[in-house]
Amino acid sequence: MAAEVLSTETTALMAVAVERAAERLRSGDVVAVPTETVYGLAANALDPAAVARIYAVKGRPAHNPVIVHVASRTMARECTSDWTPLSDRLADVFWPGPLTLVLPRSPRIPDIVTGGGSTVGIRWPQHPFMQALIRRCGFPLAAPSANLANRLSPTNASHVLGQLGDRVALVVDGGDCNVGIESTVVDAAGTAPRILRPGMIDEPALREAAGASAVLSEVVGVIPGQPLQSPGQLARHYSPRARLEVWSWRDDAELARRLAESGAAPDRTYVVAHHQVPHLLPLSQVILIPDDPEAFARALYAQLHQCDDVGAELIVVEAPPAVPAWAGVADRLRRASVRE
Ligand code: TXA
Ligand code: MG
């Protein structure tokens, strides 16, 4: 089976894609869809058999909860048994957008969505196709990233086709993802947000939205520039096939020495830099991304996919600055660099 790909480039094509995707989702099928963060593999969140198909297609372990996507505050509240004042504050500022709120689940949400747990992750995505699709369906959509388990998330339709093209019937092409890494996941059950997965909505932004008195506890093990508190939490994830390492280097000489020590084939070594530009490798093996967290996040996965496509053995990524705005990128790089 080869997936059908539907474009959303014009209003008419968008309407057709929404209709066809909604038909499939109503009948209990899965569909690969664009969101502003990464592409998702969607199913009716209220239909356990449909959600089971997501796990089967991805080869994903069943204890890993799936995020539920909604298209209104009302729909979000219906997914939880306790919508908190903090949730309203965060939703006011960040929804629709790349923020997932973790709250006590409603009995309507099946076990398979929450990994058997008592909470559910809820997000109102910003991508216009996703919003139109959820409204057309009338039910929330469970959607993890549309990649095989433990592989790199897709940020365009061809990334999805590369991994899931023979496992799903329909891929909707909504262009390149504007954010580029997965949403910030926040526990919003209490009075202060607790970051469970860093993303492009960073700690200062959350603090401001939550109110000045709010104190954020920190993500265990993933604070940039600080030692790991619990390396066990850093399961390998979001990974290219190539070995990925995060380094800082003072100059070309230091980088050259470390590359030589790495033992990787020089012609299959790629360096992703944003600040300390190397001059010792052929230009085709140097990837420059602007020294800006938004631009870096937007480009990162596409560059890693590209390195995999050309058969990279080692990808060296220049360490991101240890400041909150880069925390989401730093988290993904650390997870991608964990060895199995
Ligand atoms: O941007 C995104 O969040 C993308 C797009 C498709 O929306 N989705 C995504 O889903 O990244 P996924 O399944 O690849 O990642 C889901 C992660 C879980 O591994 C977990 O870290 C967190 O979200 N999560 C979901 N539900 C949770 C819950 N009830 N409690 C704690 N964490 C939860
Ligand atoms: Mg994922």
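Here are a few things to note about the model shown:
- Residue-normalised accessible area of the chain, given per residue in Å² at a 1.4 Å probe: 41 Å²
- Over the chain: helical MRE at 222 nm, DSSP H runs n ≥ 4 each giving -39500 (n - 2.57), nearest 500: -10000 deg cm²/dmol
- Only alpha carbons enter this Debye calculation for the stretch 4-210, each as an equal point scatterer, and the log10 of I(q)/I(0) it gives at q = 0.08, 0.10, 0.16, 0.17 Å⁻¹ is -0.23, -0.37, -0.98, -1.12.
- Paired Rg and Dmax values of the stretch 31-131, which use every Cα atom, in angstrom: 13.0, 37
- Equivalent ellipsoid semi-axes, the stretch 243-336, via Cα gyration tensor eigenvalues times 5, rooted, Å: 20, 15, 12
- The portion of the accessible surface of the chain made up by carbon and sulfur, rounded to a whole percent, is 52 (1.4 Å probe; DNA, RNA and ligands excluded).
- Sorting 154-166, 307-319 by their mean Cβ neighbour count within 10 Å, with the most densely packed peptide first, gives 154-166, 307-319.
- The peptide list 173-184, 36-47, put in order of mean Cβ contacts within 10 Å with the highest first, becomes 36-47, 173-184.
- Once divided by 2.2 N^0.38 Å, the Cα radius of gyration of the stretch 256-306 becomes 1.20.
The values are calculated or read from the model by the stated rules, or taken from the named source; none is laboratory data. Remember, predicted model here, so these are calculated numbers, not experimental data. When we count neighbours, we look across all protein chains shown, and the Cβ atoms used for this are built from the backbone with ideal geometry, even at glycine. The protein model used for the area step is the full one, side chains on, heavy atoms only, and it has no ligands, DNA or RNA in it. Shrake-Rupley method; radii C 1.70, N 1.55, O 1.52, S 1.80 Å.
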